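The values are calculated or read from the model by the stated rules, or taken from the named source; none is laboratory data. What you are looking at is a predicted structure, and each value in this text was computed from that prediction instead of being measured. Quick reminder, even Gly has a Cβ in these numbers, built from the backbone with ideal geometry, and neighbours come from all protein chains shown. Surface areas here come from the heavy atoms of the whole protein model, side chains and all, with no ligands, DNA or RNA. Shrake-Rupley method; radii C 1.70, N 1.55, O 1.52, S 1.80 Å.
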Amino acid sequence: EKMAATQDVHVRICAQEIIKYDLEIKALVQDIRDSPGPLSLLTEFNAKVKEMFQQLRLRIQDLEQMAKEQDKESDKQILLAEVENHRKQMLSNQTAWRKSNLACKLAIDNYEKDELLQNGDSSIRQRKMTKEGLVQTASSITESLMSISRMMSQQVQQSEESVQTLATSSRTIQETNEEFKNMTGTIQLGRKLITKYNRRELTDKLLIFLALALFLATVVYILKKRLFPFL
């Protein structure tokens, strides 16, 4: 019982940390969406988001392991469903992260283009630097999108594994229910046999009593005839 209470505390702490990381990721994604740049700030935001996703993934895996270690099948099912919901939410956050990156980098790109148009009389070197910045931005976009795609692919795979685990647990519950039904039928049959036996035992006792009474009556009659023939 003490161990179960300790496990319950660990589960609650893990769930609270998952919620905390989820909220922090949402806040950072919103900061990226609203950020006007520069590219260095966006890179800093993305590094923080990536770290938060790593921590969130680890805590979700911890919660899944705790779910598998539950003694009660019902508690296991509830926690596994919660794990699946957290993974879906993380996948949604990754999608929002990618869209925010695209929006922010598009804003940076448009800003640089506007600067280029406003400074049309600037030197060739300045235009070259701007071009290099656009190339760097495009390269950064490609790298970030590839990283996000890999993370989403891993998340989808983990979700499929969770669904498989839930399906296996459901089959186990169905098999257990069938065993309970068979045991119930056996118990009911045993109860009927016991009831029938009790009734037969009562009948046998009644017949023995009647036979004994008849025997005693016969003995009394014989004694009466021999000892008191005149009666």
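Just to confirm a number: summing +1 for Lys and Arg and -1 for Asp and Glu over residues other than Gln77 whose beta-carbon lies under 13 angstrom from that of Gln77, what do you get? The answer is -2. Restricting to Cα pairs below 8 Å that are 6+ residues apart, what does the relative contact order work out to for segment 4-126? Please round to a whole percent. Rounded, it is 34 percent for segment 4-126. Remark: spin-label model distance Glu179-Val9 equals 3.3 nm, labels positioned 7 Å along the Cα→Cβ axis.
Go ahead and collect, in residue order, the members of segment 52-92 whose backbone nitrogen is under 12 Å from a label point 7 Å along the Cα-Cβ direction of Ile187. Answer for segment 52-92: none.
I need the calculated FRET efficiency for the pair Ile194 and Ala81, taking r as the beta carbon distance and R₀ as 30 Å, to the nearest 0.05.
0.10
Please report the carbon-and-sulfur percent of the accessible area for segment 61-104; probe 1.4 Å, protein heavy atoms only, DNA, RNA and ligands left out. Answer for segment 61-104: carbon and sulfur cover 47 percent of the accessible area.
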